[in-house]
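Reading through the structure tokens given below for one structure.
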Amino acid sequence: MAMEKELIKKFIKDFIPDANVVIEDLRGDGDHYSATVISKSFLGKTKIEQHKMVYESLQGKVGRELHALMLKTRSE
Amino acid sequence: MNDSNFLDVSENINNQITNNDVVLFMKGTPVFPMCGFSAATVQILTNLGVKFSSVNVLENDEMREGIKKFSDWPTIPQLYIKKEFIGGCDIIKEMFESGELLELLSTKGIEVNPS
């Protein structure tokens, strides 16, 4: 089952309100996305912690409905 | 997955990461990766000339779910160096590009032979 681009963005922004989120549908198939998430709340956190925050925002969908999500995070 | 299954899988994972300095939990094998993210990670390790062992999670459903729970990380591949979880494909790629991965391997005393 695929997920809509806007829905992915909404999940991330609900959880990390200050986030600047850019989602790209890599193959136009609604199943392979890349996400760039920029948020001050990542400051002082390791990459693993930053990615975990984004995964957490997607409430267990990553690796399931959301098969492929290339993720880039940074604090500014 | 029930608790006793998870205990078994955890023990198995612990053995893997204790007995091998660099372990990649992946889909498929280094020669025949079954997913682009796993393939990309194998490519990076191969570029760095790192000896690593791999676990094909597609051979074992309990391992496939268990490693996610063990690392508290929802995707595969997952790289462990000296028992420490380093990250998935995106993090490994970033660390490779910035030179951090090479540095980390050297710091941990792992032999590398970048091509």
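Laid out as a table, the results:
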| item | result |
| --- | --- |
| Angle in degrees between helix A:5-15 and the longest Cα principal axis of chain A, rounded to the nearest 10 | 30 degrees |
| Under 21 Å from A:Lys10, Cα to Cα: lysines that are on another chain or at least 8 residues apart | A:Lys40, A:Lys52, A:Lys61, A:Lys72 |
| Residues in the stretch A:39-58 that a label on A:Glu4 would reach, taking backbone N under 18 Å of a point 7 Å out along Cα→Cβ | A:58 |
| With Cα atoms, 0 to 90° folded angle of helix A:47-57 axis to chain A main axis | 50 degrees |
| Degrees, to the nearest 10: B:3-19 long Cα axis against longest axis of chain B | 30 degrees |
| The stretch B:3-107: antiparallel DSSP beta bridges as a percent of all, rounded to 5 | 65 percent |
| Over chain B: helical MRE at 222 nm, DSSP H runs n ≥ 4 each giving -39500 (n - 2.57), nearest 500 | -15500 deg cm²/dmol |
| Above-threshold pairs, the threshold being 22 Å between Cα atoms, out of A:Lys47/B:Lys93; A:Lys47/B:Lys83; B:Lys51/B:Lys83 | none |
| Förster-model FRET efficiency, 35 Å R0, B:Glu84 and A:Asp14, C-beta, rounded to 0.05 | 0.65 |
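Each value in this text was obtained by applying a stated rule to the coordinates, not by laboratory testing. Because the structure is a prediction, the values reported are computed rather than measured. Heads up, the Cβs are rebuilt from the backbone with ideal geometry, glycines too, and the neighbour counts pull from every protein chain shown.
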